Amino acid sequence: MDSNDPNAVLQYFSIERKDYIIQQISQGYINDTYALLFDGFPCYILQRLNAQVFSNIDVLMQNIHCALPYLNDKNYHQISLIRTIDDKPYLKINKSDCWRMFTMVPDSVAFNTTQDGVIALEAGKIIGKFHSLLQEAPLDIFKDTISGFHDLTFRAKQFEEALGSATPDKLKEAEEAILFAKMTLEELRFYDPGNLPLRICHNDTKLNNILFDKEDNRALCLIDLDTVMLGYFHYDFGDAVRTIVNTESEDEKDLSKITFNKELFEAFIDGLSKNSDFLTKAEIQHLPFGVKLMPFIHGIRALTDYLKGNVYYKVTYETQNLDRCLSLFAFTKKAAEHMDYMQEVIIKKF
């Protein structure tokens, strides 16, 4: 069997035997994703997991298995995991070739960016609903899928190691980004979320990980649950805001286009406030900081990957990770400029 061929693995999943059309979905930096269609209608999502990024797929799939039963509500579309013919949650061909399958959400769409206040509002609502539903799940059954995923100290250590091994050409090309990273790490050296409650977080709530109804733009659910594990709510808040209020792509080269759209921010807060009873006062006060922290963490990860030779994120050209980094750092600066504004809006809405 060709373990890279999505057609070859279908026989191992518990689905009806039909002549499915398989379409690759290019969205996403990590896994290889395919849609299975029959008679023109989408039925399933098939994914080849990146075993280099996710070193413990058993833990990853166990977290998803534990989360999915709770993510079921009249205002939250439930996704089901399709088990293999031998009743396993995923197909493990060998150490590096692992496949899984989910039911597909019909008549849904995802957006990389938006300029629509309804989309922003609905994104806030569904992220709040996601957390409200997972309030019922016990924390101790969730393990880390990627150790230190949003740990700033860990990311700083990786960055320093990459500086030590990078070629002179890469160090020169990334000089401006390196300087900003060092300066911001110094600013954030006292960051300590220790007084905030741990929660079961999505940990990757960028806008295109939310599905919306094609007809009315109602948010349906969150997808790409590989990073569901313990974290702090401002991780999910900051990640969502960075991809909603900035209307440009994550690797935008013209940094003058990087925006902080206040109307979209306020719409997002309006949506979140409708499902926010679980938040503590300390968490609410901490939300603006998350909008500065998360783009910086993503930026330093992209910079580190660029310096190491693009071994983590998929790239289509050599300097794409550097472009991602510079764009994310530009938004980090925008977030820093809007800290007082964000605090005022949040106090008014919550």
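Please report the Cα spread of segment 1-120 along all three principal axes, rounded to whole Å, starting with the longest.
47, 34, 28
So which helices of the chain fit the span-like rule, where a helix is a whole DSSP H run, its Cα atoms reach 24 Å or more along the axis, and its mean Kyte-Doolittle is at least -1.0? Don't jump to the answer; show the numbers that get you there.
Details: long enough: 117-134 (26 Å, 1.06); 281-308 (40 Å, 0.17); 320-337 (26 Å, -0.16).
Counting only whole DSSP H runs, the qualifying helices are 117-134, 281-308, 320-337.
If you build the Cα gyration tensor of segment 146-276 and take the root of 5 times each eigenvalue, what three semi-axes come out, in whole angstrom, biggest first? Don't jump to the answer; show the numbers that get you there.
Numbers: eigenvalues 178, 83, 44 Å².
They are 30, 20, 15 Å, listed largest first.
Tell me, what is the FRET efficiency for residue 144 and residue 39 to the nearest 0.05, using R0 = 41 angstrom and their Cβ-Cβ distance as r? Present the calculation step by step, with values, prior to reporting the outcome.
Numbers: r = 41 Å, r/R0 = 1.01.
Here the calculated transfer efficiency is 0.50.
Size of the dipole of the chain about the Cα centre, Lys and Arg at +1 and Asp and Glu at -1 on the beta carbon, nothing else charged, in debye to 20? Show your work: numbers first, answer last.
On the way: 37 positive and 51 negative charges, 88 e Å.
The dipole magnitude comes to about 420 debye.
Mind giving me the nanometre distance, one decimal, between the label points for residue 262 and residue 282, set 7 Å out from Cα along Cα→Cβ?
Those two pseudo-labels are separated by 3.2 nm.
Given labels modelled 7 Å from the Cα in the Cβ direction, how far is it in nm from residue 175 to residue 154?
3.4 nm
Once you have a ≥ b ≥ c as the square roots of the Cα gyration tensor eigenvalues for the chain, tell me rounded if a/c is under 1.5, and otherwise prolate or oblate according to whether a/b is larger than b/c. All intermediate terms of the calculation are to be shown ahead of the outcome.
Numbers: a/c = 1.62, a/b = 1.22, b/c = 1.33.
It is oblate, given that a/c is not under 1.5 and a/b is not larger than b/c.
First obtain the Kirkwood hydrodynamic radius of segment 291-350 from its Cα pairs, then insert it into the Stokes-Einstein equation at 20 °C and 1.002 mPa s, and state the resulting D in µm² per second as a whole number. Mind showing how you got there, number by number?
On the way: Rh = 12.5 Å.
Roughly 171 µm²/s, to the nearest whole number.
If you stretched the chain out fully between residue 208 and residue 165, how much longer would it get, using 0.36 nm times the residue separation minus the C-alpha to C-alpha distance? Don't skip to the answer; put the middle values down first.
Working: separation 43, 0.36 × 43 = 15.48 nm, distance 3.34 nm.
Residue separation times 0.36 nm, minus the Cα-Cα distance, leaves 12.1 nm.
Per the Kirkwood definition applied to all pairs of different Cα atoms, how many angstroms is the hydrodynamic radius of segment 150-196? Numbers along the way, then the final one.
Details: mean 1/r = 0.0843 Å⁻¹.
After inverting the mean inverse Cα-Cα distance, the result is 11.9 Å.
Just grab the label-to-label distance for residue 255 and residue 270, each label 7 Å out from Cα along the Cβ direction, in nm (one decimal).
It is 3.3 nm.
Can you list, largest first and rounded to whole Å, the semi-axes you get for segment 82-237 by taking the square root of 5 times each eigenvalue of its Cα gyration tensor? Show your work: numbers first, answer last.
Working: eigenvalues 202, 102, 76 Å².
Equivalent ellipsoid semi-axes, largest first: 32, 23, 19 Å.
Using 30 Å as the Cα-Cα cut-off, could you pick out the over-long pairs in 143/333; 281/333; 206/257? Can you show the working numbers first?
Details: 143/333 33 Å; 281/333 26 Å; 206/257 19 Å.
Going by Cα-Cα distance, 143/333 fall outside the 30 Å limit.
Once the dipole of the chain is set up with Lys and Arg at +1 and Asp and Glu at -1 on Cβ about the Cα centre, which of 278, 96, 114 lies farthest towards its positive end?
278
Please work out the ratio of the alpha-carbon Rg of segment 115-194 to 2.2 N^0.38 Å and round it to two decimals. Don't jump to the answer; show the numbers that get you there.
Working: Rg = 18.8 Å, N = 80, 2.2 N^0.38 = 11.6 Å.
This ratio for segment 115-194 stands at 1.62.
Coordinate-derived values only; no laboratory data. For clarity, every value in this text was computed on a predicted model and none was experimentally measured. Note that each Cβ is placed from the backbone with ideal geometry, even for glycine, and that neighbours are counted across all protein chains shown.
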